[in-house]
Amino acid sequence: MESLIALMTDFGVADIYVGVMKGVMLGIHPQARFIDITHAIQPQNVRQAAFALANAYRYFPAGTIFLVVVDPGVGSARRPIIARVGDFTFVAPDNGVLSYALRDADDVQIYEATNEGLRLSQVSSTFHGRDVFAPAAAHLANGVAPDTFGPPVSDPVLLPAPEFNISGRHVVGEVVHIDHFGNVVTSIGYLRWVTPERLTLIPRIGDDSATHRPIPAPSASVTAGQAQIAGICHNYSDAPRGDLLAMVGSNGYLEIAVNQGNAAARLDVSIGDRVEVEIG
Amino acid sequence: MESLIALMTDFGVADIYVGVMKGVMLGIHPQARFIDITHAIQPQNVRQAAFALANAYRYFPAGTIFLVVVDPGVGSARRPIIARVGDFTFVAPDNGVLSYALRDADDVQIYEATNEGLRLSQVSSTFHGRDVFAPAAAHLANGVAPDTFGPPVSDPVLLPAPEFNISGRHVVGEVVHIDHFGNVVTSIGYLRWVTPERLTLIPRIGDDSATHRPIPAPSASVTAGQAQIAGICHNYSDAPRGDLLAMVGSNGYLEIAVNQGNAAARLDVSIGDRVEVEIG
Amino acid sequence: MESLIALMTDFGVADIYVGVMKGVMLGIHPQARFIDITHAIQPQNVRQAAFALANAYRYFPAGTIFLVVVDPGVGSARRPIIARVGDFTFVAPDNGVLSYALRDADDVQIYEATNEGLRLSQVSSTFHGRDVFAPAAAHLANGVAPDTFGPPVSDPVLLPAPEFNISGRHVVGEVVHIDHFGNVVTSIGYLRWVTPERLTLIPRIGDDSATHRPIPAPSASVTAGQAQIAGICHNYSDAPRGDLLAMVGSNGYLEIAVNQGNAAARLDVSIGDRVEVEIG
């Protein structure tokens, strides 16, 4: 039985940590296959990881096990948990890192991973990725049922949603991610294009039954840092090369970009900074 | 049927993009195996990717599918294409990124990937890697024939070759890559060692039937940036530790290096800068 | 027959080098599976790689082949070697990079890889990772016996151990690694916690039969750079967020860390710097 384990950590790729976790898993489940989602979450940035995981997990096949280790509380009393949602299973510390992935799920079962027989025989106080979480993922891949790991959890830690408020024609959000290209990704995720000329405010992502309210996109105005951007484009090349633009990115969130350039460097914004949209 | 898919992008490894593409491919072709060639192509640098791909692809086994996504024109009218060359298949935007890999091939078939049934059901305007190119690679791995994707392409975009001119005993080229060690790789690719004391100018790489013209290597002089280097060495340790040297690198191109040091930092050169060789 | 090959290099992940090595190995052994331990060893830093490998290899399953290419002497007379230790096999240049992994092994067989039939047909002078070491790892994965590669080696290059001296209640070591989080890892590896209140000096790691000498940890004092740290903690969260602390890390070495912060940036220390412990 071959199993897919997708990894997300803040470990970076310069140390041996990720490789060692994979070695541990292969010792328990030799047929494991690994996909690295990212190991470049900012150190201890649980919220950034939660946002990245929510955008990534839906694209993986049913049966995927997600091993998510962003764990500022390692060695303290925070619980290791296993969450089963439909055909997906998540292994993570109970610090809110699963909050956004689980947000829209109807049926979630969560268990605390207390069973010492499903850890390495020696558990360090600083590397539970190796000693607790990786073994759990590998045992799950071997077919061990989640409820074998420990008691159910009814009160997982949940993070507040990123700021996102709509008041009349005024929308307020925040920067939630800056990607490798310098694209500035915001929490304004409910604006969806329906035609090149119009975008639509819908109450939540994926809810096709919502009442749409069409907005003429060219009249929107986006403010981030010192910059004000007129209109919302359809793709990068709608703006001249090197110009700032606003658009709806590939995960459905408003992004600020520079056509073939780096918007974050231009705007000097950081994660958490305020972004506003005025719908003219 | 297990298939090998080798990836080259400018996505970096900090974001979820590469992992999501792999998740999408595994959903279509669960037996896919992935090798990352590199995801550190400079953003939108099609030419750098074209050069890297040409140096890498020959080392992969027959049957490998190359998924190459360096795509400054994403969302515009540029065509997604599939190129079949011998036992290799390439999936890429039609922007010249395959130019150098296809340069010496006798028999190339290229098709535009227009078939909407072989994409994700929703195609964003900014992430065709996920929505168009990754599904194409996975369907090819499943055995879908290239001509199922769309009509043949007879006029692919081709990049001009990097500058490389030989005029008598004077050779002019340019910097085409600076590697992780700071080795400065040039476009001067037709100089080949035959013995430790001699190098040979041959008309093209791999053409053993060419007329060789032996040149005494110690009398060659290489100029790059402010530096002038006497002689062409056989390997790094021919120069004292910390000294600049010129040599023929592992892909057959003239390189400027520092023995156990960083030549690019020493020379202050950039991609595109002129390099000259005087054969004394 | 499926084989696991774990890779450690100083090649970085920006160039095609690692991908090309994997392509070469798959051409020889199509069932090879790869785990990247790290490719971020500092260029030519054999000692850092030796330390990282010693901490990593024990976590991999029996039968793993380790391909270790940190090779400042590439192209010179240094020998390529294959070392068999128990169920593990190592392929590396003979420059000491295996020293710490082999240090405690009872029974090591080492062979020089001179057999030209087990290399690529053309061997460059600068990329033996591709032309010599990767083919060797793949042939080993195919079941070729180590002694087929060449003659036995009885005098491998061995690095001196990192500084680590205990004189009465005074312990002197050095910084051997700074990790992605800025944790400063020292060579002081023989201090082991037995209870939260006590730590123990034991003669060597893993030697449970050693005479333990319990030390009250709170009275220990650690000096590194300009900083003096009182006490040795059990885990990161024993110190207030943002405070410096000393603790025993996940591989059994004394580390200096900042709870949810970067100790290396705070202390301004480098690999090789002196660290002292005074047991009060």
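Brief remarks on what is shown
- Residue in the range C:150-162 that is surrounded by the most Cβ atoms within 10 Å (Cβ to Cβ), counting only those that are touching a residue at least 40 places away in the same chain (Cβ under 8 Å) and closer than 30 Å to C:S221 by Cα: C:P162
- Residue in the range B:218-225 that is in contact with a strand residue (DSSP E or B) (Cβ under 9 Å, 6 or more places away or on another chain) and within 14 Å of another protein chain (Cβ to nearest Cβ) present: no
- Qualifying positions in the range C:163-179 - open to solvent by less than 70 Å² (accessible area, probe 1.4 Å), in contact (Cβ under 8 Å) with a residue 24 or more places away in the chain and away from chain A (no Cβ under 14 Å): C:F164, C:H170, C:V171, C:V172, C:G173, C:E174, C:V175
- Among the conditions (1) away from chain C (no Cβ under 12 Å); (2) in contact with a Ser or Thr (Cβ under 8 Å, 6 or more places away or on another chain); (3) open to solvent by 30 Å² or more (accessible area, probe 1.4 Å); (4) under 25 Å from C:N183 (Cα atoms), A:N115 misses just one, which is (4).
- Subset of the range B:230-242 [buried (at least 16 other Cβ atoms within 10 Å of the Cβ) and free of Cβ contacts under 8 Å to residues at least 40 places away in the same chain]: B:G231, B:C233, B:N235, B:Y236, B:S237, B:D238, B:A239
- Tabulated pairs, the range C:87-105, first of a type in the set (G, A, S), second part of a loop (DSSP other than H, G, I, E, B) and buried (at least 19 other Cβ atoms within 10 Å of the Cβ), C-beta under 7 angstrom, 6+ apart or interchain: C:A92/C:L98
- When the range B:121-149 is filtered for residues that are touching a residue at least 60 places away in the same chain (Cβ under 8 Å) and either open to solvent by 50 Å² or more (accessible area, probe 1.4 Å) or outside any helix (DSSP H, G or I) (or both), the ones remaining, listed by number, are B:F127, B:N142, B:G143, B:F149.
- Where helices (runs of 4 or more DSSP H) fall wholly inside the range A:1-106, the ranges with 2 or more residues that are at pLDDT 95 or above, at the interface with chain C (Cβ under 9 Å from one of its Cβ atoms) and crowded, with 20+ Cβ neighbours inside 10 Å are A:17-28.
The values are calculated or read from the model by the stated rules, or taken from the named source; none is laboratory data. Just so you know, these numbers come straight off a predicted model, no measurement behind them. Using ideal geometry, Cβ is built from the backbone for each residue, glycine included, and neighbour counts are taken over all protein chains shown. These area figures cover heavy atoms from the full protein model, side chains too; ligands, DNA and RNA do not enter into them. Shrake-Rupley method; radii C 1.70, N 1.55, O 1.52, S 1.80 Å.
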